[in-house]
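First up is the structure itself, then whatever we jot down about it.
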Amino acid sequence: MKVLVVNNMVPGLRGGAEELADQLVLNLRKAGHQSELLRIPFTWHPPERIVGEMLMCRSMRLINVDRVIAMKFPAYLLPFDDKVFWLAHQYRQAYDMWDSGHSNIPNTPEGRQIRSAITEADNDAFSLGRGVYAVGRTVQDRLMHYNGIPSELLRAPLNDTELFTGGAHGDYIFAGGRINAGKRQHRLIEAMALTKAPVKLIVAGPADTPEDADRLRALVETHGLQGRVKLDIGFHPRQTIAGYVNGALACAYLPMAEDSFGYVTMEACQARKAVITVDDSGDLTELIKDGDNGWVCADDTTQIAAALTQAFATRAVTLERGQNAYESWTRLDINWATTVEKLTR
């Protein structure tokens, strides 16, 4: 089968959804399919341009393809008769982020028209698809709540499992992934200022904007944490990230309403590392259970600081929770062979 994977691209930005699309193409090829990735440029600012970019996607035509697997807005609007959706997420600015007041779309007559256009385009596209899959329960619930569209849960597998072997448990907590306000690395640094134990923190990953990076650097300097917090900001090879994970005492990931388990969480569990997260982190709370395989805190600096302190002070407990994390994750048996089979059946 000739399979085209369709995703967006924002020049200079790369995160889990981009990695997922790349790995999907590779695993489609391993399964014997001819597969390519089409990345369509997209920018969400200014919001007045969004409708034009939607129209661009809807005006495209494809030939010489048997199946399209579409992943993100507005790329998934590209018309094709045999199209399957595997949603990393919708354009959340028109949905839950609008309701919470965090949308980049202004609440004006023009902004409400943009939001309505996005919703109508989504409803139309999803109703015509061969199948709709969601990478996480949060995506699935959002799709049903706002669009009334049912979907099947199809979680993303972990890539490069052989790299995340675990090993020595060092004296630091590792926080990987993209750096932005929604991932709340700043909360970890603020919590570090309250910890009594000499635990260290390493934050590594690309910043969405220079301001996101500057915010973390300023916090480290303000709290005098230069000797305890390492900021390794930028894109890193997989081996570098795996080295940080494998050598960590535990890992931390504090996203807002994460659409899936997240690579940070899956990598930590594969490497037998307990995970510190928060109770509004979305799908993470389905996998990470407080007192079993990690710590689930409120979005509260004092509670997060207490988890950091406990992870360091009770190493035996932390190691036990890390083993539990591995068992919780591997028991789910999420793998690429099953994923590819479902998306191409």
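For segment 248-257, the Karplus equation 6.51 cos²θ - 1.76 cosθ + 1.60, evaluated at θ = phi - 60°, returns couplings of 7, 6, 7, 10, 10, 8, 10, x, 8, 6 Hz by residue, with Gly and Pro reported as x. The three principal axes of the C-alpha atoms in segment 78-217 carry coordinate ranges of 55, 42, 24 Å, sorted with the longest axis first. Database remark: amide H of A274 closer than 5 angstrom to the amide H of C251, G322 (H placed geometrically; neighbours at sequence offset of 5 or more, or on other chains; Pro and chain starts carry no H). Each residue of segment 171-180 was assigned a 3J(HN,Hα) from its phi angle through the Karplus curve 6.51 cos²θ - 1.76 cosθ + 1.60 (θ = phi - 60°); the sequence is 10, 9, 9, 9, 10, x, x, 4, 9, 6 Hz, with glycine and proline shown as x. Restriction of the chymotrypsin sites (Phe, Trp or Tyr not before Pro) in segment 127-169 to DSSP coil positions whose beta-carbon has at most 16 other beta-carbons within 10 angstrom yields no sites. Here, segment 115-165 yields an orientationally averaged convex hull projection of 4.9 nm² when only Cα atoms define the hull.
Kirkwood hydrodynamic radius of the chain, from the reciprocal of the average inverse Cα-Cα distance over all distinct pairs: 20.9 Å.
Give me the compactness ratio for segment 196-343, meaning the Cα radius of gyration over 2.2 N^0.38 Å.
With N residues counted in segment 196-343, Rg over 2.2 N^0.38 Å equals 1.07.
Candidates M256, L62, P237 compared by Cα position along the dipole of the chain: farthest toward the positive end lies P237, with charges placed on Cβ.
Note on segment 198-268: Rg/Rh from C-alpha atoms, Kirkwood Rh, equals 0.96. Entry for segment 1-156 at q = 0.16 Å⁻¹: log10 I(q)/I(0) = -0.89, Debye formula applied to identical alpha-carbon scatterers, no solvent contribution.
Available extension along the chain between H145 and E48 is 32.4 nm, counting 0.36 nm per residue and deducting the alpha carbon span. Apply the Kirkwood formula to segment 1-80: the hydrodynamic radius equals the inverse of the mean of 1/r over all pairs of different alpha-carbon atoms; give it in Å with one decimal. After inverting the pairwise mean of 1/r, the radius is 13.2 Å.
Name the chymotrypsin sites (Phe, Trp or Tyr not before Pro) in segment 198-259 that are in a loop by DSSP and that have at most 11 other C-beta atoms within 10 Å, would you? Before the final figure, lay out each step's value.
On the way: sites: F235, Y244, Y253; in loops: F235, Y253.
Loop-located and lightly packed - F235.
A cut-off of 5 Å between modelled amide H atoms, ignoring neighbours fewer than 5 places along the same chain, links A207 with I179, G234. Here the chain is assigned +1 on the Cβ of each Lys and Arg and -1 on the Cβ of each Asp and Glu. Its dipole about the Cα centre then comes out at about 580 debye.
Backbone amide hydrogens, once placed in the peptide plane, bring A134 within less than 5 Å of L87, E152, L153, L154, excluding anything fewer than 5 places away on its chain.
Any read-out appearing in this document is the output of simple, stated calculations on the displayed coordinates, not a laboratory observation. Values in this document were obtained by computation on a predicted structure and should not be read as measured data. FYI the Cβ positions are ideal-geometry reconstructions off the backbone, even for glycines, and counts take in every protein chain you see.
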